[in-house]
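Comments concern the structure below.
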Amino acid sequence: MSLPVPTRVLVTGTAGFIGFHLARRLIDAGHVVCGIDGMTAYYDVGLKRRRHGLLRASNRFSAHEIMLEDEAATQAVFRDFRPEIVVHLAAQAGVRYSLENPRAYLDANLVGTFNLMEAVREAAPRHFLMASTSSVYGGNLDQPFRETARTAHPLTLYAATKGAAELMTHAYAHLHGLPTTMFRFFTVYGPWGRPDMALFKFVRAMLAGEPIEVYAGGAMQRDFTYIDDLVDGIVGLMAQAPRLGEPVAPEIDSLSPVAPHRIVNIGGGSPVGLDDFIATIEEALGIPAKKLMLPLQPGDVPSTVADTRLLVALTGARPATPVSEGVGAFVRWYRDYAGR
Ligand SMILES: NC(=O)c1ccc[n+]([C@@H]2O[C@H](COP(=O)([O-])OP(=O)(O)OC[C@H]3O[C@@H](n4cnc5c(N)ncnc54)[C@H](O)[C@@H]3O)[C@@H](O)[C@H]2O)c1
């Protein structure tokens, strides 16, 4: 199933890594996209402006530089645009930053999300989708991580605010009959990526001849998800609004028994060790890494692995780009972007 063209889609976080890629894909497919992004200073605003600049080249894209904490401004954008689908990606992201700046997470991820939900309630789109994170699995030891597992042990405030948003959206889906899908993303990487994430930091440091910080002696693994695969998953799920009482695969579906609300992992289910990930970067750059070995950081988990069965049942596919290919694409982009 695919979306009728054109569909009016409101995306928050369009100057961010994932929102930019999603908006670009939707515009290219002929949809009309309205972006909201507050251009927060969490990382280089210049990179965010470059992403928005590329999107603005299309007359099917319009953007509003507002913070979701501004309730009136958020409502005004919704009233003006009248979205058929809303994808909420804006957030204060990052696990480590939440240790030093917890309030930023409450403001953006709870207050901002609440204001957005109120605007969504009034606009009544046919589907509301929002980014959660694999971090909500926190201290869960059972892997792969299943959507139906309990997620009551977050290790950071970032994870706690995303878990809270899963509950808040459930209540709204129940009360207002709002079809809602929550994605749990697993370590997304690729061109135009985030400067605070490992791949960007490693490539920048290695090209500058500086050491890279390797946590847990490299004995960590992540279910790395290439950005194009992630966008495939999001777009596939956009066309699959959950319906109360209609699970797609009853034994694995996370569909709520009392609301049109579903949680779906978007990850490939094939974790890669940090050591192998670094070796792939070394190969792509042709430079050996100088490694500064550090312990596992507070709030970090040693391993993430997605159960992909629900994603496959809903969309027919799962992320499968090999890291060698994805890292290569990132390195080509970075060299061009940074002029190195
Ligand atoms: N990148 C990953 O690996 C990953 C993994 C799990 C979950 N996620 C989630 O996916 C979503 C997108 O992540 P990303 O990697 O693109 O992050 P990002 O930081 O690149 O993008 C988020 C964007 O939201 C904007 N923003 C933040 N707070 C805002 C607010 N209060 N009002 C308006 N705009 C605001 C920022 O300016 C930024 O451009 C986030 O919700 C994040 O928590 C990402």
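Identify all residues within the stretch 222-253 that are outside any helix (DSSP H, G or I) and closer than 27 Å to Phe20 by Cβ; write none if there are none.
As a first pass, look at the stretch 222-253 and keep what is outside any helix (DSSP H, G or I): 222-226, 239-253.
Residues satisfying the conditions are Arg222, Asp223, Phe224, Thr225, Tyr226, Ala239, Gln240, Ala241, Pro242.
Could you grab the pairs with beta carbons closer than 9 Å, sequence gap of 6+ or different chains, first residue in the stretch 78-96 and among the aliphatic types (A, V, I, L, M), second one part of a loop (DSSP other than H, G, I, E, B) and more than 15 Å from the ligand (Cβ to nearest atom)?
Once the first residue is among the aliphatic types (A, V, I, L, M) and sits in the stretch 78-96, its partners that are part of a loop (DSSP other than H, G, I, E, B) and more than 15 Å from the ligand (Cβ to nearest atom) give Ile85/Leu3; Ile85/Thr7; Ile85/His31; Ile85/Pro125; Ile85/Arg126; Ile85/Ala241; Val86/Pro125; Val95/Gln297.
Which one is farthest from the chain's Cα centre (by Cα), of the residues in the stretch 173-211 that are open to solvent by 10 Å² or more (accessible area, probe 1.4 Å) and charged (D, E, K, R)?
Glu210
Inside the stretch 14-29, can you point out the residues that are open to solvent by 10 Å² or more (accessible area, probe 1.4 Å), in a loop (DSSP other than H, G, I, E, B) and within 16 Å of the ligand (Cβ to nearest atom)?
Gly16, the sole residue that qualifies.
Within the stretch 212-224, does at least one residue satisfy the condition of being open to solvent by less than 10 Å² (accessible area, probe 1.4 Å) and on the phi > 0 side of the Ramachandran plot? Please lay out each step first, then the result.
Start the filter on the stretch 212-224 by keeping residues that are open to solvent by less than 10 Å² (accessible area, probe 1.4 Å), which leaves 212, 214, 218, 223.
So of that shortlist, the ones also on the phi > 0 side of the Ramachandran plot come out as 218.
Yes.
How many residues are closer than 16 Å to Glu69 by Cα and either surrounded by fewer than 20 Cβ atoms within 10 Å (Cβ to Cβ) or among the hydroxyl-bearing types (Ser, Thr, Tyr) (or both) if we restrict to the stretch 30-41? Before the answer, list the steps.
Initially, the stretch 30-41 is screened for residues closer than 16 Å to Glu69 by Cα, giving 35-41.
Checking the rest, the ones that are also either surrounded by fewer than 20 Cβ atoms within 10 Å (Cβ to Cβ) or among the hydroxyl-bearing types (Ser, Thr, Tyr) (or both) come to 39-41.
Here the count works out to 3.
Failed condition for Glu246, given (1) within 16 Å of the ligand (Cβ to nearest atom); (2) open to solvent by 20 Å² or more (accessible area, probe 1.4 Å), with all others met?
In the conditions (1) within 16 Å of the ligand (Cβ to nearest atom); (2) open to solvent by 20 Å² or more (accessible area, probe 1.4 Å), Glu246 misses (1) alone.
Could you say which residue among Glu100, Glu65, Glu71 is within 9 Å of the ligand (Cβ to nearest atom) and either at pLDDT 95 or above or of a type outside the set (A, V, I, L, M) (or both)? Spell out how you get there, then give the answer.
On the way: Glu100 fails: within 9 Å of the ligand (Cβ to nearest atom); Glu71 fails: within 9 Å of the ligand (Cβ to nearest atom).
When all the criteria are applied, what remains is Glu65.
The values are calculated or read from the model by the stated rules, or taken from the named source; none is laboratory data. Treat the numbers as computed from the prediction; the structure is a model and nothing was measured. FYI the Cβ positions are ideal-geometry reconstructions off the backbone, even for glycines, and counts take in every protein chain you see. Ligands, DNA and RNA are stripped out before the accessible areas are found, and what is left, the full protein with its side chains, is counted by its heavy atoms. Shrake-Rupley method; radii C 1.70, N 1.55, O 1.52, S 1.80 Å.
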